[in-house]
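Before any comments, here is the structure.
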Amino acid sequence: MSGSPERLLLISPSFHGYWKSIGDALARRGYEVHTARYDAYDTAGEKLRLKATVELPERLRVRGDRRTAETARLTDRVIAMLREVRPHRVIIIKGDGLDARFWDALGDIPRILWLYDDLHRHDYTDAFLREIGPVVDYARSETDMLRERGVDAHFVPNAFDPHRVEPTSTRTGEIVFIGSGYQNRYETLAELGRRGLPVHAWGRDFSRHPMDRARTFSWRRPPIAASREVPLERAYQIHAEGAAAVAIHGLQNGHAMRTFEIPGMGGVQLVDRDDVDQFYDVGTEVAVWHDLDELEELSRRALSDPVWAEGLRAAGRRRTLAEHTFDHRLEEVDSLWH
């Protein structure tokens, strides 16, 4: 770009602060970046209000639609920022927390819709996606499907941000997991623990803290060592400090951020997807498991074979820094403007 930088409005969910990695990468490309986090609840009062007026009534199945009113309130906030910034370009991450008035307010501003979560988690119609402009999807299978339906779709996988924090030299000797507590994750990690492995999980669904049990409306927890949710920077470091980090995808179509974050930080990644081979060399940069016996075997090797483990750490980080950072992804996204 030449002259004054173009104003770019990044509209994103707050989810673990990934908006910051994306915004910083855009700024390094020369944009004047403004960010609107459409689901931001930054204060204790805002979080309590959401629990009391929306989440708790929904959980208790109280009659009435409270979600629509909350969506309208958040949309009003984003539209106000759109009018204040007057951007030259807009990137929308997910955008599923905004109502139709936002899309009308965009007018003819060039925009890109970036879906870094499964398509079925959104309620966009094919007709809407065909009209909105370039659509970025994190799953190759979904991208192919959207193209067949006439959508201007582009495959851009998730990424790692090497600017967030540096790896540490600490090693905990634990098999670590950070993330949501889906049933398959509970069962896998609990079984590893029963087999005598030093498993440790982080996240509100694993934590036994009373506040986290209240936030998740759940008392049940798997019988493993567990800690509360941590900021993304600390999560990055925990992945590197563990003897190995387990990646459990379940039914996701694309690869989660963890696929790139664990090797990016120099961690030993034990991942459950054969198609990780489109990003990494299996066996020298990451390790793949298909069942609990194989995961147990790899976990024990990570604990007992430091030469093998250090080889994966170094090779995985080298590949990630060369090919899989947010700077690489934003270069791809930035080429899609109409």
Query - Rounded accessible area per residue of the chain, 1.4 Å, Å² - result: 46 Å²
Report summary line: Sorted by chain and then number, the residues having a modelled amide H within less than 5 Å of the amide H of residue 226, at least 5 places away or on another chain, are 201
Query raised in the report: Evaluated at 20 °C with a viscosity of 1.002 mPa s, what Stokes-Einstein diffusion coefficient in µm²/s does the range 55-206 have when Rh comes from the Kirkwood expression over alpha-carbon pairs?
Result: 111 µm²/s
Requested in this report: Quick one: which residues, 5 or more positions from residue 160 or on another chain, have an amide H under 5 Å from its amide H? H modelled 1.01 Å from N in the peptide plane, none for Pro or chain starts.
Outcome: 325, 326
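Counting every Cα pair in the range 80-143, what percent are over 13 Å apart?
Counting every Cα pair in the range 80-143, those more than 13 Å apart make up 65 percent.
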Query raised in the report: For the chain, what relative contact order do you get, as a whole percent, if you take Cα pairs closer than 8 Å and at least 6 residues apart?
Result: 15 percent
**Report entry** Portion, in percent, of the accessible area of the chain that falls on carbon or sulfur, probe 1.4 Å
**Finding:** 51 percent
**Report entry** Computed accessible area, residue 20, all protein chains, 1.4 angstrom probe, square angstrom
**Finding:** 90 Å²
Report summary line: Under the rule rounded for a/c under 1.5, else prolate if a/b exceeds b/c, else oblate, using alpha carbon gyration tensor axes a ≥ b ≥ c, the range 145-184 is classed as oblate
Query raised in the report: Hey, how much of the P(r) for the chain falls beyond 36 Å, as a percent of Cα pairs?
Result: 24 percent
Report summary line: Between the Cα axis of helix 306-323 and the main Cα principal axis of the chain, the angle (0 to 90°, nearest 10) is 20 degrees
Query raised in the report: So what does the Cα-only Debye profile of the range 234-338 read at q = 0.13 Å⁻¹, as log10 I(q)/I(0), no solvent term?
Result: -0.45
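The values are calculated or read from the model by the stated rules, or taken from the named source; none is laboratory data. Small disclaimer: the values here were computed from a predicted structure and weren't measured. Each accessible area value is taken on the protein alone, full model and side chains, heavy atoms only, with ligands, DNA and RNA left out. Shrake-Rupley method; radii C 1.70, N 1.55, O 1.52, S 1.80 Å.
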